[in-house]
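Engineer: Structure below; questions to follow.
Since every read-out is calculated from the coordinates, none of them should be taken as a lab result. Since the model is a prediction, treat every value here as computed from it, not as a measurement. Cβ sites come from the backbone with ideal geometry, for glycine too, and all protein chains shown count toward neighbours.
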Amino acid sequence: MTYTTPVLRHSRSDRIIHWMNALLWLLLSATGIALVDHPELAVFGEAYPAFVRSLVGGGATLLRLHITLGCLWAASFIIYAVVNGKGAAFFLRSVFTPQQGDMTWLARKSIQMTFGVSAAKRLGMRLDLPPQGYYNAGQRALAALIVLGCCAVAASGAVMALAPSVSAAEHPVFVACVPWALLVHHFSVGFIIAGLFIHIYMAAIAAEERPAFLSMLIGTVPAEYARNAHPLWIVAPGAGSQHTTAEGEAS
Ligand code: HEM
């Protein structure tokens, strides 16, 4: 393997689910924010909910659209797990398996990003980062927040969507959970969106991660980037095909 040899990082189905998820998050956020018709929670101004409602033909249609998009979003993960079960299992295992040196990586990376490398060196701080595997500690922490947050968003959304068809007399506990579901929905979405600012900055804007950004479009990274940024991944047996084949699908 030469320095420029392309190494497969994201299979075709990984890339499709990722960008479909990003598009659906955009649409769900746009319709969800328009459903909140309260002057103190008007993120895009008080005219925004009225504008989106008029665009789709009223509040009831907007709610139906939001629920349909939510079902499509949840279904896309089920389809992904069926099409690329090994990829989904690899992703969950990687994200939820802590590694030695994670806290050191997170602390030193935060110092690097807050003070800058030269200022931190002048203060005598150690900045060498422990070697990372397929995902670095920051990616794993953020992905764990996103996965758990998405489960909470989907479960609380399902409770709210089913609420109108559930009788309070027959299922009092379910109906009592509905206001809590609303709270969980709003807080989880808030945490995920806050995390997405960091994710999008790190993945799409930070120059050092440009090869990873391109890999979400073309599938591969140069071996040089993989060796530098994810040395424990690249030295692992079968690196570049741990959960994918050269054809781009689950092995
Ligand atoms: C403009 C929007 C987005 C951009 C530019 C972007 C970019 C990327 C890139 C480049 C990677 C690959 C990182 C690597 O290989 O090291 C990635 C992975 C990931 N992204 Fe995004 N992303 C966006 C939106 C989202 C959204 C909305 C979510 C979830 C709500 C999300 C969740 C994830 C997760 C969980 C991963 C790790 C999974 C994997 O590598 O297959 N991203 N993203």
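Engineer: Taking Rh as the Kirkwood radius, which is the inverse of the mean 1/r over Cα pairs, what is the Rg/Rh value for the stretch 171-222?
Structural biologist: Over the Cα atoms of the stretch 171-222, Rg/Rh equals 1.35.
Engineer: Answer with one residue from Y135, A120, A163: the one whose Cα lies farthest towards the positive end of the charge dipole of the stretch 70-165, charges on Cβ with Lys, Arg +1 and Asp, Glu -1.
Structural biologist: So the residue furthest toward the plus end is A120.
Engineer: Any idea what the dipole of the stretch 72-227 comes to, in debye rounded to 20, about its Cα centre with Lys/Arg Cβ at +1 and Asp/Glu Cβ at -1?
Structural biologist: So the magnitude is around 520 debye.
Engineer: Just want the ordering: Y135, Y201, from fewest to most Cβ atoms lying within 10 Å of their own Cβ.
Structural biologist: Taking fewest neighbouring Cβ atoms as first place, the list is Y201, Y135.
Engineer: If you line up the long axis of helix 47-56 against the longest principal axis of the chain, both from Cα atoms, how many degrees apart are they, to the nearest 10?
Structural biologist: So the inclination is approximately 80 degrees.
Engineer: Which is farthest toward the positive dipole end of the chain among A194, I79, T31, measuring Cα position about the Cα centre, with Cβ charges +1 (Lys, Arg) and -1 (Asp, Glu)?
Structural biologist: A194
Engineer: Related question: How much length would be gained if the chain were fully extended between L23 and A203, taking 0.36 nm per residue of separation minus their Cα-Cα distance, in nm to one decimal?
Structural biologist: Full extension of this stretch gives 63.2 nm more.
Engineer: Here is a further query. Using Cβ contacts closer than 10 Å as the measure, can you line up L106, L41 from fewest to most?
Structural biologist: In increasing order of surrounding Cβ atoms, one gets L41, L106.
Engineer: Report the local net charge at L92: Lys and Arg +1, Asp and Glu -1, summed over other residues whose C-beta lies under 15 Å from its C-beta.
Structural biologist: Once all neighbours under 15 Å are counted, the net charge is +2.
Engineer: Please state the shape class of the chain: rounded when a/c is under 1.5, otherwise prolate if a/b exceeds b/c and oblate if not, all from the C-alpha gyration tensor.
Structural biologist: Prolate shape, in that a/c is at least 1.5 and a/b is the bigger ratio.
Engineer: What spacing in nm lies between the two simple spin-label points modelled at L214 and A119, each 7 Å away from Cα in the Cβ direction?
Structural biologist: Result: 3.1 nm between the two label points.
Engineer: I need the phi-derived Karplus couplings for the stretch 103-114: 6.51 cos²θ - 1.76 cosθ + 1.60, θ = phi - 60°, integer Hz, Gly and Pro marked x.
Structural biologist: Per residue, the Karplus-derived 3J(HN,Hα) values read 5, 4, 4, 5, 5, 5, 5, 5, 5, 4, 6, 7 Hz.
Engineer: Here's another thing I want to ask about it. Points 7 angstrom from Cα along the Cβ direction at S54 and T5: gap in nanometres?
Structural biologist: For S54 paired with T5, the spin-label model returns 6.1 nm.
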